[in-house]
Amino acid sequence: MTEIASAPTETTESVEEFAARAQAWLAENMPRIDPNNPPEHDRGEEKPWLRARELQRRLWEGGFAGICFPKEYGGLGLPIAYQKAFDEVSRCYELPIILNTPTFTICAATILDTAGEEQKQKHIPAVLRGDEVLVQLLSEPSGGSDLAGVITRADRRGDKWVINGAKTWSTSAFAADYGLMLARTDWDAPKHEGLTMFLVPINSPGITLRRIKQVNGSVEFCEEFFDNLELGDDAVVGEVNGGWQVASRQLYHERRAVGGGSEFASGIGAEGKSDVPIDYVALLEATGQADNERAQEMAGRALVHRAVREQLIEHVYHGVLDGSLPPAAGSIIRVTHADIHHLEFDTALAITASAGVVDLGDELIRHGERYLSRQAAALGGGTTEIARNIIGERVLGFPREYAADRGVPFKEVKRNKG
């Protein structure tokens with residue numbers, strides 16, 4: 001398992017030359033947009049995902065898909081500087097940004113690091129062509145933040161694995177082709193040692209998928225029920241009973257992706273209008289507070305934190321790359337992302353006040369609507385509390401937190417009891 005999934009290859013084309021070539025290609029092949037007012041879409045609908053597949057196919061055919069993915073799996077094998085250059089020149093064009101998370105930055109990156117060669121050859125090029133969308137099937141209704149406590153089971157019957165159980169909060173699973181699913185394969189082993197990761201076709205017989213409606217009306221998240229789902233050995237990612245190692249790597253990529261520090265993301269900017277960064281100058285003017293020093297101070301504080309986050313992403317990414325920081329440092333940008341996400345949404349709602357929660361026929365109500373999903377930033381990639389534990393134990397070297405079930409066979413672990 002590699003620490004950095006992308007192994008840059010030699011190229012005779014400079015970053016500047018690459019950017020110029022990309023800019024010329026984009027002008028000829030991709031739809032232009034106003035980055036400050038991008039096309040609106042709902043991640044809970046089918047249409048944006050079909051559109052994303054179409055746009056990703058264009059990038060593939062144009063030679064600009066998977067800039068940091070290795071050449072042997074369909075990418076360009078270039079350093080992150082090339083991806084950043086592409087991001088800058090593509091800012092005013094419609095791109096399939098919706099595919100970044102979880103398909104590229106989490107699932108494909110995990111397959112690249114942990115899967116067998118045949119799986120890499122099959123799935124990574126398919127992802128880069130836009131033929132496959134990948135999702136995570138990790139959280140469970142009874143699991144909380146303890147991912148290693150999953151009780152979805154995979155039992156060996158003949159030459160098949162038979163899966164029974166349930167997953168929940170699966171982002172965009174309705175639009176996916178495959179999901180990375182963690183299941184328990186050995187109940188006699190301690191909880192971290194009896195898990196196996198599977199790559200599951202979402203449309204398989206034995207899977208029932210349902211939407212989850214959130215408080216903000218979104219139905220992007222899903223829950224899945226597995227009833228005697230049969231999988232072959234070719235679905236195992238990594239080693240049997242070695243699923244925790246795969247899941248740990250998956251969470252490493254998720255924390256970097258959530259924080260904005262993944263080299264596998266392609267394109268920058270908002271997915272839609274509701275994702276556009278808050279324009280505090282316009283917000284102060286719209287609320288009649290352009291000269292209000294207190295409101296200016298609140299907005300300025302949020303903007304400073306936003307700028308610090310961008311610098312921190314660069315610092316952590318290159319620190320992990322050169323070995324001065326451990327891979328677990330990705331949790332630093334994960335925590336920072338959540339904290340600043342909360343600060344920005346809190347600030348916007350404080351500035352808009354009642355206009356953010358009462359529809360007066362203007363745009364201010366959207367700040368209240370966005371606030372409804374505020375807490376999601378503290379949950380993605382594991383909770384903020386878990387991320388802080390990781391920083392303490394794996395970055396700062398603090399003693400591990402006590403766990404009563406450490407080393408205990410999972411079948412003996414007390415579950416769902418007071």
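The values are calculated or read from the model by the stated rules, or taken from the named source; none is laboratory data. What you see is a predicted model, and the numbers here were worked out from it, not measured in a lab. Positions of Cβ are generated from backbone atoms using ideal geometry, with glycine treated the same way; all protein chains shown enter the neighbour counts. Ligands, DNA and RNA are stripped out before the accessible areas are found, and what is left, the full protein with its side chains, is counted by its heavy atoms. Shrake-Rupley method; radii C 1.70, N 1.55, O 1.52, S 1.80 Å.
Being of a type in the set (D, E, K, R) and surrounded by 12 or more Cβ atoms within 10 Å (Cβ to Cβ) is the filter; apply it to region 286-309 and report the residue that is modelled with the highest pLDDT.
Step one: filter region 286-309 for residues of a type in the set (D, E, K, R), giving 291, 293-294, 297, 301, 306, 309.
Narrowing further to those that are surrounded by 12 or more Cβ atoms within 10 Å (Cβ to Cβ): 301, 306, 309.
Values: Arg301: 97, Arg306: 94, Arg309: 91.
Step by step, filter region 286-309, then rank; the result is Arg301.
Only residues that are open to solvent by 20 Å² or more (accessible area, probe 1.4 Å) and outside any helix (DSSP H, G or I): list them for region 239-270, please.
The answer is Glu239, Val240, Asn241, Gly260, Ala265, Ile268, Gly269.
When you look at Ala85, is it open to solvent by 20 Å² or more (accessible area, probe 1.4 Å), of a type in the set (Gly, Ala, Ser) and either part of a helix (DSSP H, G or I) or farther than 21 Å from Ala27 by Cβ (or both), yes or no? Talk me through it step by step, then tell me what you get.
Details: open to solvent by 20 Å² or more (accessible area, probe 1.4 Å): no; of a type in the set (Gly, Ala, Ser): yes; either part of a helix (DSSP H, G or I) or farther than 21 Å from Ala27 by Cβ (or both): yes.
The answer is no for Ala85.
Anything in region 309-348 that is hydrophobic (A, V, I, L, M, F, W, C) and either without any contact (Cβ under 8 Å) to a residue 12 or more places away in the chain or closer than 20 Å to Ala265 by Cα (or both)? List them, or say none. Let's see the steps before the verdict.
Filtering region 309-348 down to residues hydrophobic (A, V, I, L, M, F, W, C) leaves 312-313, 316, 320-321, 325, 328-329, 332-333, 335, 338, 340, 343, 345, 348.
Result: Leu312, Ile313, Val316, Val320, Leu321, Ala328, Ala329, Ile332, Ile333, Val335, Ala338.
Looking at (1) of a type in the set (A, V, I, L, M); (2) more than 24 Å from Glu13 (Cβ to Cβ); (3) at pLDDT 95 or above; (4) in contact with a Gly (Cβ under 9 Å, 6 or more places away or on another chain), which one does Leu55 not meet, given that it meets all the others?
Here Leu55 clears every test but (2).
Would you confirm whether or not region 141-148 contains a residue that is modelled with pLDDT under 95 and either within 30 Å of Glu17 (Cα to Cα) or in a helix (DSSP H, G or I) (or both)? Show your work before the answer.
Within region 141-148, the first condition is being modelled with pLDDT under 95, and the residues that meet it are 141-148.
Pick out the ones that are also either within 30 Å of Glu17 (Cα to Cα) or in a helix (DSSP H, G or I) (or both) and you get 147-148.
Among the residues of region 141-148, at least one is modelled with pLDDT under 95 and either within 30 Å of Glu17 (Cα to Cα) or in a helix (DSSP H, G or I) (or both), which makes the answer yes.
Could you grab me the full set of residues in region 191-238 that are basic (Lys, Arg) and either touching a helix residue (DSSP H, G or I) at 6+ places or on another chain (Cβ under 6 Å) or part of a strand (DSSP E or B) (or both)?
Lys191, Arg210, Arg211
Kindly indicate whether any position in region 29-46 is without any contact (Cβ under 8 Å) to a residue 24 or more places away in the chain and more than 25 Å from the chain's Cα centre (by Cα). I'd like the intermediate steps shown before the answer.
The first filter runs over region 29-46 and keeps only residues without any contact (Cβ under 8 Å) to a residue 24 or more places away in the chain, leaving 45.
Keeping just the survivors that are more than 25 Å from the chain's Cα centre (by Cα) gives none.
No, region 29-46 contains no residue that is without any contact (Cβ under 8 Å) to a residue 24 or more places away in the chain and more than 25 Å from the chain's Cα centre (by Cα).
Of everything in region 88-121, what is open to solvent by 30 Å² or more (accessible area, probe 1.4 Å), assigned to a loop (DSSP other than H, G, I, E, B) and more than 23 Å from Glu239 (Cβ to Cβ)? Give them in sequence order.
Scanning region 88-121 gives Arg91, Cys92, Glu94.
Restricting attention to region 149-172, does a residue exist that is open to solvent by 40 Å² or more (accessible area, probe 1.4 Å), under 17 Å from Ala235 (Cα atoms) and assigned to a loop (DSSP other than H, G, I, E, B)?
yes
Does region 386-406 hold any residues that are loosely packed, with under 11 Cβ neighbours inside 10 Å and either hydroxyl-bearing (Ser, Thr, Tyr) or at pLDDT below 90 (or both), and which are they? Don't jump to the end; show me each part of the working.
The initial filter retains those residues of region 386-406 that are loosely packed, with under 11 Cβ neighbours inside 10 Å, namely 396-397, 399-402, 404.
Passing the criteria: Arg400, Glu401, Tyr402, Ala404.
Does Glu54 qualify as being open to solvent by 20 Å² or more (accessible area, probe 1.4 Å), farther than 19 Å from Ala173 by Cβ, in contact with a Pro (Cβ under 9 Å, 6 or more places away or on another chain) and not aliphatic (A, V, I, L, M)?
On the way: open to solvent by 20 Å² or more (accessible area, probe 1.4 Å): yes; farther than 19 Å from Ala173 by Cβ: yes; in contact with a Pro (Cβ under 9 Å, 6 or more places away or on another chain): yes; not aliphatic (A, V, I, L, M): yes.
Yes, satisfied.
In region 349-374, what count of residues is obtained for those that are touching a residue at least 24 places away in the same chain (Cβ under 8 Å) and of a type outside the set (A, V, I, L, M)?
So the first thing to find is which residues in region 349-374 are touching a residue at least 24 places away in the same chain (Cβ under 8 Å), and the list is 350-353, 355, 362-364, 366-367, 369-374.
If we keep only those that are of a type outside the set (A, V, I, L, M) too, we end up with 352, 362-363, 366-367, 369-371, 373-374.
Going through region 349-374 one residue at a time, the tally reaches 10.
For Phe345, all conditions in the list (1) in a helix (DSSP H, G or I); (2) surrounded by fewer than 17 Cβ atoms within 10 Å (Cβ to Cβ); (3) at pLDDT 90 or above hold save one; what is the number of the exception?
Of everything listed in (1) in a helix (DSSP H, G or I); (2) surrounded by fewer than 17 Cβ atoms within 10 Å (Cβ to Cβ); (3) at pLDDT 90 or above, Phe345 misses just condition (2).
Kindly indicate the residue of region 178-232 that is aromatic (Phe, Trp, Tyr) and closer than 23 Å to Pro48 by Cβ and also surrounded by the most Cβ atoms within 10 Å (Cβ to Cβ) among those meeting that condition.
Here is the first cut: in region 178-232, the ones aromatic (Phe, Trp, Tyr) are 178, 187, 198, 221, 225-226.
Applying the additional criterion that residues be closer than 23 Å to Pro48 by Cβ yields 178, 221.
Details: Tyr178: 24, Phe221: 20.
Applying the filter and picking the extreme gives Tyr178.
Assess whether Asp42 counts as being crowded, with 18+ Cβ neighbours inside 10 Å and of a type in the set (D, E, K, R). Outline the logic, then answer.
Numbers: crowded, with 18+ Cβ neighbours inside 10 Å: no; of a type in the set (D, E, K, R): yes.
In short, no.
Which pairs do you get when a residue that is under 15 Å from Val135 (Cα atoms), found in region 196-216, comes within reach of a residue that is in a strand (DSSP E or B) and modelled with pLDDT under 95, reach meaning Cβ atoms under 8 angstrom, with the pair 6+ apart or on two chains?
Once the first residue is under 15 Å from Val135 (Cα atoms) and sits in region 196-216, its partners that are in a strand (DSSP E or B) and modelled with pLDDT under 95 give Arg211/Phe221.
Which of (1) β-branched (Val, Ile, Thr); (2) loosely packed, with under 15 Cβ neighbours inside 10 Å; (3) modelled with pLDDT of 90 or more does Val358 not meet, given it meets every other one?
(3)
Can you name every residue in region 371-402 that is in a helix (DSSP H, G or I), hydrophobic (A, V, I, L, M, F, W, C) and over 20 Å from the mean Cα position of the chain (by Cα)?
Val395 - this is the single residue of region 371-402 that is in a helix (DSSP H, G or I), hydrophobic (A, V, I, L, M, F, W, C) and over 20 Å from the mean Cα position of the chain (by Cα).
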